[in-house]
Amino acid sequence: MTAGRPHGRTAVLLGLVLVASCSKVGERLGVTRDRVIALEGATLIDGAGGAPKRDALIIIRNGHIETIARVNEIPVPTNAERINLVGKTIIPGLIDAHAHVERWATGRYVAWGVTTVRDLHGGTDTVLTLKNELNLGSILGPRMFSAGAMIDGTPTTYPNATGVATPDQARRAVDQHAVAGVDYLKVYTKITPSLLRPLLDEAEKLHLPVAAHLGKTDALTAARMGVISIEHMAGVVQAATGDQTYANAHTSFLTGWTVEEKGWASLDSSTIARTARALAQTKVAIVPTLVVHDMLARLDNPILLTRPGMEDVPESAQSVRNVPSLLRRTGWRSADFDAFRRSRRRQDQFVREYKRAGGAIAAGSDAANQLLIPGYSLHEEMALLVGAGLTPLEAITAATRRGAQLLHADSLGMLAPGKVADLVVLNGNPISNIAATRNIALVMIRGRMIRPDSLRATWK
Ligand SMILES: [Zn+2]
C-alpha cells in the first residue's frame, strides 16, 4: 500500500524536515559535512590478512575510508586535517564476536579499541534498546548487533531466554525474534536436533543466521544443518567421540559444561585433527572463546580479580566481579580445575587443526561474564589464539574481518577504500608481539577520534 503522491508544498516541507533531522544525527555521530582526515606514516594492517603496509597514507572522508596509498604517492587534500602517525601501527576497529553487552561497559569497549560487538543474549527489549541508542549515536560505544534473547529448550537455563519444546514453538520463536528486530539468532545448550531443524528452516526463510552454543546437539550435526558459528567449541567433544553421555549431561547446564570441559582431555591428536577437518568442510565458523576456557580453568586464582584491565570494571559490575557466587553454584574444587587445565592444550590443538584445515576462526570474549573484562578480554583472546598456533596477523584477522563476516557486514573489519573508518592506532607493532594491541594511542569510530585516556577520565 502506498499513500499516493504528496502535494508539492508538503513534499518540500517533508524534504526540509528530513534534511534537518539527518544533519542532527550526523552531528551526534561526529560526522560533519565533508570532514577530511589524513593519517600519515603508520604501518597499516588491513584486517583481511594482507601483508602490513609501511608508510601508509589513509584519507578519510565523512567517516569512510576514501583512499589508501603510500606517503607522497598521492597529494593530501588541501582541506584535510593531517595527523602524523610515524612509528605507529593501524589496525581495523576490533570486533568482539561473542559479547553480552551491558550498559556500563559501552565506553570500555571503545577505550580498548573494540568498535563493533556481536551481542549473543540479553533480555530482548533491553539489548535492542541499547543497540538502537548505540547505533543512533545517542550514547558513546561500539556498533552493536544483537540476537536478543537466546532460544533454548525447556526449562530454559536463564529466566530471560525464550524456551521452545516443539517444532512449532521453535518456528514461532524465530518469527517473534525477527519482528522484534534481532540481527541473527542464538540457540542454546538444550536445543535438540529435532528442534534445531525447523528453527533453522524458519530462520533461513527470514535470512537470519543462527549462532550456536551447543549441548544436546553435537557440533557436526549442527554445522551440517546450517548454523553459522560454533560458540566456545561446544559440541565438538561429542562430535569427536560420538558419546551420547555428553548430550545427556546437558539436561543441566552446569553438569553439561563441566563434563564436556573435562572431556576435551580424553581426545587424542588424531581424533582432534579428524574432527577439525570434518567440521571445517561444512564452512561453519568457530568462535573458540579460549579466554573463557582459560578463566574458568583458573577461577580459583584470586590474582585474576586484580589483573591489568580490572581497573576499568566498576565495583558494582557483579557479572564480572562475582566469582564467589559462581564457585558456589558450580561446586568446582581443585580436582575440577586440574582437569580443566589438562583440557586446555587439547582445545588449543583443535584451534590449530581448524586453522590448518582452512576453517574460519573468529575472536570473541564472552564479556561481561565472570572475570571477562569488556574490551580488554578480546586482547587476551587474541594472545591466547596466538598461543594456540595462529600468527599475530591471523589473530588480528580473527578479531576484525572474521567477525564482520559473521555479521554479514562487509564494510566493517577491514581497512580498504569504501569501508567505514573504524580503526585503532597502536603505539607499537603487534606483528612481533600480539600484546602490542593493548597499547592504544587513538581509536577512531565512525570517523571520530577518541583518546582512551580522555574517555577513561569520564568514568574515573
Ligand atoms: Zn556467551
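Any read-out appearing in this document is the output of simple, stated calculations on the displayed coordinates, not a laboratory observation. Being a predicted model, the structure only gives us computed values, none of them experimental. Glycine also receives a Cβ, built like all others from the backbone with ideal geometry; neighbour counts cover every protein chain displayed.
Okay, here's what the table says:
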read-out: Whole-number percent relative contact order across the chain, with pairs defined as alpha carbons under 8 Å at least 6 apart; value: 19 percent
read-out: Order of Ser411, Ser334 under a 10 Å beta carbon neighbour criterion, fewest first; value: Ser334, Ser411
read-out: Cβ-based exposure ranking for Thr157, Thr166, in which fewest neighbours within 10 Å come first; value: Thr166, Thr157
read-out: Translational diffusion of segment 52-119, µm² s⁻¹ [Kirkwood Rh, Cα pairs; Stokes-Einstein; 10 °C; 1.306 mPa s]; value: 110 µm²/s
read-out: Hydrodynamic radius of segment 371-460 per Kirkwood, over alpha carbon pairs, in Å; value: 14.1 Å
read-out: Reachable lysines from Lys419, criterion Cα separation under 18 angstrom, eight or more residues apart if same chain; value: Lys53
read-out: q = 0.20 Å⁻¹, segment 310-365: log10 I(q)/I(0) [Debye, one scatterer per Cα]; value: -0.91
read-out: Stokes-Einstein D for segment 210-356, Kirkwood Rh over Cα pairs, 4 °C, 1.567 mPa s (µm²/s); value: 81 µm²/s
read-out: Fewest-first ranking of Asp96, Asp312, using other Cβ atoms within 10 Å as the exposure measure; value: Asp312, Asp96
read-out: Relative contact order %, segment 347-420, counting alpha carbon pairs below 8 Å whose residues are six or more apart; value: 27 percent
read-out: Principal axes of segment 94-228: Cα extent on each, largest first, Å; value: 43, 27, 27
read-out: Radius ratio Rg over Rh of the chain, counting only Cα atoms, Kirkwood formula for Rh; value: 0.99
read-out: Segment 285-354: trypsin sites (Lys or Arg not before Pro) in DSSP coil with no more than 12 other Cβ atoms inside 10 Å; value: Arg333
